[in-house]
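Chemist: Dumping the structure here so I can ask a few things about it.
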Amino acid sequence: MNIPLPMFVVVPLVAAFVLPAFGRRLKPLATLIANLVTLFLLVLAVASVGTPAVYEVGGWSIPLGINMVLDGLSSLLLLAISVVSAAAMLFSARYMEQYTAKPKYLSLFLLMVAGMNGVVLSGDIFNLYVFLEIASIASYALVGFGCEHEELEASFKYMVLGSIASAFILFGVALVYANTGSLNMAYIADAIGRMGTNVGLTLALSLFIAGFGLKAALVPFHAWLPDAHPSAPAPISAMLSGVLIKALGVYALARLIFNLFGVSVALGWLLVGLGLASMIAGGLLAIGQWDFKRLLAYSSISQIGYVILGLGLGALLMAQNANPAWAALAILGGLFHLANHAVYKSLLFLTSGSVELATGTREMRKMGGLGDRMPVTRAACAVASASIAGVPPFPGFWSKLILVIAAVQAGFYWIAVAIVAVAVCTLIMYLKVHRYVFLGELPPDLQTVRENKGSILFAMAGLTCVCALMGLLVLVPSLRSSVLDPAVSVLTDGVQSSTHLMSP
Amino acid sequence: MKGMTVIVKTVSSWVKVLIFLFGIYIILFGHLTPGGGFAGGVILASSYVLLMLAFGRRFVEENLPSSVASKLDCLGAFLFAMVAILGLVFGGTLFVNFLYQEYLPGTPFELVSAGTIPLSNLAIGLKVGASLFLVIFALTVFRYDGSRKPGDSDESAGGTPATRE
C-alpha cells in the first residue's frame, strides 16, 4: 500500500491548528477529534510497516527539493510514537479534565506528535532540525502546563538546556553544509564517503553528539530530565520519557552516526561509554528517590543507557570488522529495548498519573496499600515493572538477554556484568515502588481512594496488553523479519543505506 | 499604561495606516519583490506594536482582542496547510504548485502569477502577523502583572494558557 508520507505530519499539524478554536462547550468534540487523529496515525503506522518509501515534497527531486524517507528504522520509531501517543491521548481524555484550557493542551500534544513524526521521516538534516524544534517547543510548553511554581521552573530549565542543544545542532548542520555542500542525508553521506572527514566535520559530529545527547538525556547531559519529566502532566511524561527522548535523541544520533558519518572504533567506544555511564548513574540515582515520577524519570536515563550501549556495541563491532552477526545482534538488542522502553515506561508514567489523580500526591512515603483499592493500576504497574526489571516472560527480559549475549559473544564480559548488575538495580527500584505504593498499610487520609474510571482504565489496559505481548516481536520470526530486522539492517548497512537514495 | 504624549499619538495614528498598508503590499507582492509572507507579517504586527507603545495596552486590546488574534493565528496556519493539501488533491503531491501547472499559469512578473505561492504568502503573512502580535502582547501582559504586588493573583494573565482548577 502506498501511503503519502507527509500525512504523518500534516494530519496532526492541521488538527493542532484547528483545535484551539474550540471553546469550552466544544471540549468533548475536540477530545474526540484528537483521539481520532492519534488512532488514525496508529492505523497509518501499522499499514506502513514493511513498505519502504520515499516522498518528494512538491514534486521536486533531491537534492533540489525536500524528501521524506520511510525505512525500517523510521517505521519502528513511527510505530512506537503512534502506539504511545494513542494511549496517552486516550488517557488524557479524562485525566486532563482537572486542568483548564484542554483544547490548547490537545493542540500542543498533536504539535509534538507532528514534530516527532517529522523527525523520524525527514530525509534531510535541516528539516530534521526544524521538526525537532517543533517537537521541543511544544514539549517545553507542555512541561509547564500546570503553571505552578515548580512546573514553570522545570519548564524553564528544560527550555534553556533544550535551546542550547538545539543551537549546537543548528551549528552542526551549518558546519556539515559548509563542508559537504548539501543538506540532504544521501548527498552528505556520499560526500563524506568520498572525501573523508576533516576538522569541520569532526567538530560538527561532536556538536551533534552533545546536542542530541542532551535531547536524549544521556549522562552527563541529563540534568534537565529529572525535573522536566515529573513536572509535566502524566500523559505528557509518558510521551516525553516514552518517545520524545528516543525520536529526538537516540534516533537522530543513530541516523547521523551510522548512516551519515559512518562508524569508527572511537565513536563506538564513546557511545558505549555514554551508555554505561547513563545506565549506572541513572540506576543508582533512581533507587534513592521518594517521588514516584522522579524515580521513573531517573530510571528512563538508565534505560536509555541500555539502548545507547546496544547501538554503541554494534558500532564498535562494525568498526572492528568483527563478526557482523554479533554487531547486528547488539543493534537488535538496542532497538528492541528502545521499543520496549517506549511501551513500558509510558505505561509506568500512566499508572503514576492514575495514582496521583486518586491520591493527590506523588510522595511514595505517604502512600501504601493502594493495591486493593486500585487493582487495574496495580496490575498495569506490575506488568510494566516486571518488564522493565527483566523478569523472564516479559519483553524487557528478551532485550536485555540479547544485549548480554551480544556482549559475551563479542568478548566484553565486563559489559555483560554491568548489564546484569543494572538490571538487578532496576529490580530493586521497582520492588520499592510496589512495596511503598501498592503494598503495606493504607494511610488514614487515603481511606476513600477509589480506582479511576473510563478512558484512564482503557488506556492503561490497552498498553498493558501491548507490553505483555511485545516479546512476540523477537520470538515470532515473521514479526521480527517485518518490524525489527529491517530497522537493524538500516543501521548495519551503514552509509550505504543513505546513499542508495541518490538520484542517478 | 496610559500611552505617550498627544504628539506621539497623533503621528502614530497617521503612520500606522501606512505601515499596515506597506505590510499588505509586501505580502501581496512577495513572489515578485524581496519580502514575502514572513517579512510582511512582521510589518503588520509592527503597526500594532506602534499602537501599543503610543496608546497603551488597553487600547490595542479593545482593537484586536487576543482571542481574535489567536484565532487568526490558527487560521493562517490552517490556510497554509490547506494550500499544501490542495496540491495533494489536485496535483497528486503535497505542496505541488497545481495552479501554476494547470489552472492559472499567468505571465511572469504580473501580480497574478506563480500559482499557489501568493496564496501561501497570504497564509504565512496572517500567521506571522498574528503570532508576533500575540508574542509582544504576552510580553506586555507579563510586565503589567509584574508591576503588581506579589500575592494578589486574582486575574489570570491573558498570555498564560492554563491554570489548575
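The values are calculated or read from the model by the stated rules, or taken from the named source; none is laboratory data. From a predicted model like this one, the values you see are computed outputs, not experimental measurements. Positions of Cβ are generated from backbone atoms using ideal geometry, with glycine treated the same way; all protein chains shown enter the neighbour counts. Quick note on the areas: whole protein, heavy atoms, side chains included, nothing else; ligands and nucleic acids left out. Shrake-Rupley method; radii C 1.70, N 1.55, O 1.52, S 1.80 Å.
Chemist: Heavy atoms of the protein only, probe of 1.4 Å, neighbouring chains included. What is the accessible area of A:ASP190 in Å², nearest 10?
Modeler: In the full protein context, A:ASP190 sits at about 40 Å².
Chemist: Post the alpha-carbon centroid distance, the range A:427-444 to the range A:280-299, in whole angstrom.
Modeler: 15 Å
Chemist: While we're here: With a point put 7 Å past each Cα toward its Cβ, work out how far A:PHE40 is from A:ILE287 in nm, to one decimal.
Modeler: For the pair A:PHE40/A:ILE287, the computed spacing is 4.9 nm.
Chemist: Which three extents, in angstrom, do the Cα atoms of the range A:40-101 have along their principal axes, listed largest first?
Modeler: 49, 27, 16
Chemist: Now a separate question. How large is ³J(HN,Hα), in whole Hz, for each residue of the range B:8-21 in order, when computed from phi with the Karplus curve 6.51 cos²θ - 1.76 cosθ + 1.60 and θ = phi - 60°, using x for Gly and Pro?
Modeler: Each residue of the range B:8-21 in turn: 4, 4, 5, 5, 5, 6, 6, 5, 4, 5, 5, 5, 4, 4 Hz.
Chemist: Right, here's the next one. Could you state the number of Å between the C-alpha centres of the range B:5-63 and the range A:61-96?
Modeler: 40 Å
Chemist: Using the scaling law 2.2 N^0.38 Å as the reference, what is the normalised Cα Rg of the range B:6-146?
Modeler: For the range B:6-146, the normalised Cα radius of gyration comes out at 1.21.
Chemist: Over the range B:6-146, give the accessible area per residue in Å² for a 1.4 Å probe, as an integer. All intermediate terms of the calculation are to be shown ahead of the outcome.
Modeler: Working: 7480 Å² over 141 residues.
Accessible surface, normalised per residue, equals 53 Å².
Chemist: Something else: Please give the per residue volume of the convex hull enclosing the alpha carbon atoms of the range A:278-470, rounded to a whole number of Å³. Working shown, then result.
Modeler: Numbers: hull volume 17.9 nm³, N = 193.
Considering the Cα atoms of the range A:278-470, their hull volume per residue is 93 Å³.
Chemist: If you don't mind, there's one more thing I want to ask. Return the calculated 222 nm mean residue ellipticity for the protein assembly as shown, to the nearest 500 deg cm²/dmol, obtained by summing -39500 (n - 2.57) across DSSP H runs with n ≥ 4 and dividing by the residue count. The partial results should precede the final answer.
Modeler: On the way: 26 runs with 443 residues, N = 669.
Value at 222 nm, helices only, nearest 500: -22000 deg cm²/dmol.
Chemist: Pop out the carbon and sulfur fraction of the accessible area of the range B:6-146 as a percent, whole number, probe 1.4 Å.
Modeler: 75 percent
Chemist: Taking every Cα atom in the range A:240-337, find the radius of gyration and the maximum pairwise distance Dmax, and write them in Å.
Modeler: Using the Cα atoms of the range A:240-337, the pair Rg, Dmax is 14.0, 46 Å.
Chemist: Follow-up question, since we're still on this one. Counting GluC sites (Glu not before Pro) as exposed when in a DSSP loop with at most 13 other beta carbons within 10 Å, what is the longest stretch of chain A free of them?
Modeler: Numbers: sites that count: A:GLU148, A:GLU441.
Counting at most 13 other Cβ atoms within 10 Å as exposed, the longest clean stretch of chain A is A:149-440.
Chemist: Using every pair of alpha-carbon atoms in the range A:316-363, split the distances into 5 Å bins beginning at 0 and state the percent of pairs per bin, rounded to integers.
Modeler: Spelled out per bin, shortest first, that is 5, 19, 14, 12, 10, 9, 8, 7, 6, 6, 3.
Chemist: Relative to the isolated chain, which residues of the range A:98-114 have their accessible area cut by 30 Å² or more in the presence of all protein chains (1.4 Å probe, heavy atoms, no ligands or nucleic acids)?
Modeler: In the range A:98-114, residues shielded by partner chains: A:GLN98, A:TYR99, A:THR100.
Chemist: Sticking with the crude label model, points 7 Å out along Cα→Cβ, report the distance from A:VAL49 to A:SER163 in nm, one decimal please.
Modeler: 4.1 nm
Chemist: Would you mind giving the total buried accessible surface between chains B and A, with a 1.4 Å probe and ligands, DNA and RNA left out, rounded to the nearest 100 Å²? Walk me through the intermediate numbers first.
Modeler: Working: alone 10430 and 17960 Å², together 26560 Å².
Approximately 1800 Å², summed over both chains.
Chemist: Right, here's the next one. Show which aspartates and glutamates lie in cross-link reach of B:LYS16 when reach means a straight Cα distance below 17 angstrom and same-chain residues fewer than eight apart are skipped.
Modeler: B:GLU61, B:GLU62
Chemist: Under a plain spin-label model, where a point goes 7 Å from the Cα along Cα-to-Cβ, how far apart in nm are B:LEU139 and A:GLU441?
Modeler: Label at B:LEU139, label at A:GLU441, 5.8 nm between them.
Chemist: Pulled fully out, how much extra length does the chain show between A:GLU150 and A:PHE458, if you take 0.36 nm times their separation in residues and subtract their Cα-Cα distance? Please report the intermediate quantities before stating the final value.
Modeler: On the way: separation 308, 0.36 × 308 = 110.88 nm, distance 3.01 nm.
Gain on extension, A:GLU150 to A:PHE458, equals 107.9 nm.
Chemist: Which sequence of B:PHE59, A:PHE349 reflects their accessible areas, 1.4 Å probe, from the largest down? Present the calculation step by step, with values, prior to reporting the outcome.
Modeler: On the way: B:PHE59 80, A:PHE349 0 Å².
The ranking, largest first, comes out as B:PHE59, A:PHE349.
Chemist: Here is a further query. Leaving ligands, DNA and RNA out of it, rank A:ILE308, B:ILE43 by accessible area with a 1.4 Å probe, largest first. Let's see the in-between values first.
Modeler: Numbers: A:ILE308 5, B:ILE43 35 Å².
Per-residue accessible area, sorted high to low, gives B:ILE43, A:ILE308.
Chemist: Is the shape of the range A:16-142 rounded, prolate or oblate, going by the alpha carbon gyration tensor and its root eigenvalues a ≥ b ≥ c, with a/c under 1.5 for rounded and a/b larger than b/c for prolate?
Modeler: Values: a/c = 2.34, a/b = 1.78, b/c = 1.31.
It comes out prolate by the Cα gyration axes.
Chemist: If you don't mind, another one. Regarding the range A:97-223, what are the three Cα extents along the principal axes, ordered largest first, in Å?
Modeler: So the extents along the principal axes, rounded to whole Å, are 57, 28, 19.
Chemist: In this model, which of A:LYS215/A:LYS293; A:LYS104/A:LYS345; A:LYS246/B:LYS127; A:LYS366/A:LYS400; A:LYS104/B:LYS127 are farther than 23 Å apart at the alpha-carbon?
Modeler: From the list (A:LYS215/A:LYS293; A:LYS104/A:LYS345; A:LYS246/B:LYS127; A:LYS366/A:LYS400; A:LYS104/B:LYS127), the Cα-Cα distance tops 23 Å for A:LYS104/A:LYS345; A:LYS246/B:LYS127; A:LYS366/A:LYS400.
Chemist: Using only Cα atoms, what is the ratio of the radius of gyration of the protein assembly as shown to 2.2 N^0.38 Å?
Modeler: Details: Rg = 25.8 Å, N = 669, 2.2 N^0.38 = 26.1 Å.
Here the answer is 0.99, to two decimals.
Chemist: Got a number for the accessible area of A:LEU36? Probe 1.4 Å, square angstrom, nearest 10.
Modeler: 100 Å²
Chemist: Leaving out ligands, DNA and RNA, what percent of the accessible area of chain A is carbon and sulfur, probe 1.4 Å?
Modeler: On the way: 11690 of 17040 Å².
Whole-percent figure for carbon plus sulfur exposure: 69.
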